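Heads up: the structure comes next, in structure tokens.
The values are calculated or read from the model by the stated rules, or taken from the named source; none is laboratory data. All values derive from a computational prediction rather than experimental measurement. Every residue, glycine as well, gets a Cβ built from its backbone with ideal geometry; the counts of neighbours run over all protein chains shown.
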Amino acid sequence: MKLKQLEGLLGDLQQFSNPNVELEQYPTGPHIASRMLFTAENSYGDITDKVVADFGCGCGTLSTAASLLDAACVIGYDIDLQSLETATLNAEELEVEIDLVQCDITKLELKGHQIVDTVVMNPPFGTRKKGADMEFLSAAMKVASQAVYSLHKTSTREHIKRAALRDFNAKSAEVICELRYDLPKLYKFHKRKEVDIAVDLWRFEPRQN
Amino acid sequence: MRLITHNMLSCNIKGVANGFPLKIEAESVIEKEVDFNPDFLRHMFAKIEWKALVEAARSLGYSELPEDSPAAAAEDESLLKKLHHALLELHLEEGALVCPETGRRFPVTRGIPNMLLHEDEV
């Protein structure tokens, strides 16, 4: 599948009908999602024929992308049932299989850490619940056996790198590229029509246990 | 929810030592065919909890898997097909996952298990 085709398909997905600001529910746009997964597969071989987990999957944008790139199995985890129901509709619409689990991924201890090859995620940035971004990263590093792809604010770059290498068992922590995350005015308190945040696309490799 | 997902889930209630595997109460199960990928399945043999899978498949009405994880799985195509079916083609749509230690039920609705814990369970 070509990048443009993937981006086009992801653009048709339904997004949050009633976003919850406390959970930092923002859609992962098709531009970022397609590039993230396309890079993960084309540069690193981390998606096709792999077991891919999507932490904080929301409406399933990253999960759908992984499926379209022929992951062997995709499992999305999210705390919000309404989002998971939208993810179900999205999967049906694009005729892909995605298992979905409702849970608090920071408290769910997944067994069999060799089953999941790759974790992909667009986690909360920690603007509402402090430290949420680190909790998600910690959880992902415990589950993935090959790689973790994650988006974090560029302003937290040094902090993330240090934590990953020192505390979260990372063999490597690389910023693959810097992206602009367009956030449209979703919430009443947003003053500007849209805002542009600099985010890093990270690739972490866990040390083998 | 398919059994590859179930194979990773356990009960995380505070203090529970034996929360795996979760027992399955199946009310509604459907089957959906997906492409057979033998290389992928060969890799899965070493990674999955076999007994948990056999028991879970039985709960969903599929009893073709051998009790013991076979040694020479890689060569046996018919066994790989059974693994394929159990792991990837059976969907629990309605029912519950039950903690073997506490009996706590995690409901499964429209294929989605709800693993959220109550405040006093965390």
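Below is a table of values for the structure above.
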quantity	calculated
Those residues of the stretch A:140-167 which are under 18 Å from A:D46 (Cβ atoms) and not in a strand (DSSP E or B), in sequence order	A:A140, A:M141, A:K142, A:V143, A:A144, A:S145, A:Q146, A:A164
Boolean, B:S63 is more than 19 Å from A:V116 (Cα to Cα), outside any helix (DSSP H, G or I) and more than 10 Å from chain A (Cβ to nearest Cβ)	yes
Helices (runs of 4 or more DSSP H) wholly inside the stretch A:1-115 containing at least 3 residues that are closer than 25 Å to B:L90 by Cβ	A:61-68, A:81-93
Within the stretch B:1-39, tally of residues that are of a type in the set (S, T, Y) and under 14 Å from the mean Cα position of the chain (by Cα)	2
Sole residue being in contact with a helix residue (DSSP H, G or I) (Cβ under 9 Å, 6 or more places away or on another chain), within 14 Å of chain A (Cβ to nearest Cβ), within 30 Å of B:K14 (Cα to Cα) and crowded, with 20+ Cβ neighbours inside 10 Å, chosen from B:A52, B:A86	B:A52
Those residues of the stretch A:107-134 which are within 14 Å of chain B (Cβ to nearest Cβ) and either within 23 Å of B:L88 (Cβ to Cβ) or within 14 Å of the chain's Cα centre (by Cα) (or both), in sequence order	A:L108, A:L110, A:K111, A:G112, A:H113, A:Q114, A:I115, A:V116, A:D117, A:T118, A:V119
Among the candidates B:F45, B:F40, residue that is of a type in the set (F, W, Y) and within 21 Å of A:E97 (Cα to Cα)	B:F40
Single match in B:E64, B:E31 (criterion: in contact with a Leu (Cβ under 7 Å, 6 or more places away or on another chain) and loosely packed, with under 15 Cβ neighbours inside 10 Å)	B:E31
Residue match in the stretch A:46-53 (condition: over 22 Å from A:A139 (Cβ atoms) and either modelled with pLDDT of 95 or more or under 12 Å from the mean Cα position of the chain (by Cα) (or both))	yes
Matching residues, the stretch B:107-122, being at pLDDT 95 or above, more than 14 Å from A:L84 (Cα to Cα) and at the interface with another protein chain (Cβ under 9 Å from one of its Cβ atoms)	B:L117
Count - residues of the stretch B:73-122 that are within 14 Å of the chain's Cα centre (by Cα), within 21 Å of A:G56 (Cα to Cα) and part of a loop (DSSP other than H, G, I, E, B)	1
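Yes/no per residue for (1) free of Cβ contacts under 8 Å to residues at least 24 places away in the same chain; (2) crowded, with 21+ Cβ neighbours inside 10 Å; (3) at the interface with chain B (Cβ under 10 Å from one of its Cβ atoms); (4) in contact with a Pro (Cβ under 9 Å, 6 or more places away or on another chain):
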| position | (1), (2), (3), (4) |
| --- | --- |
| A:R35 | no, no, no, no |
| A:C57 | no, yes, no, no |
| A:A65 | no, yes, no, yes |
| A:L84 | no, yes, yes, no |
| A:E97 | no, no, yes, no |
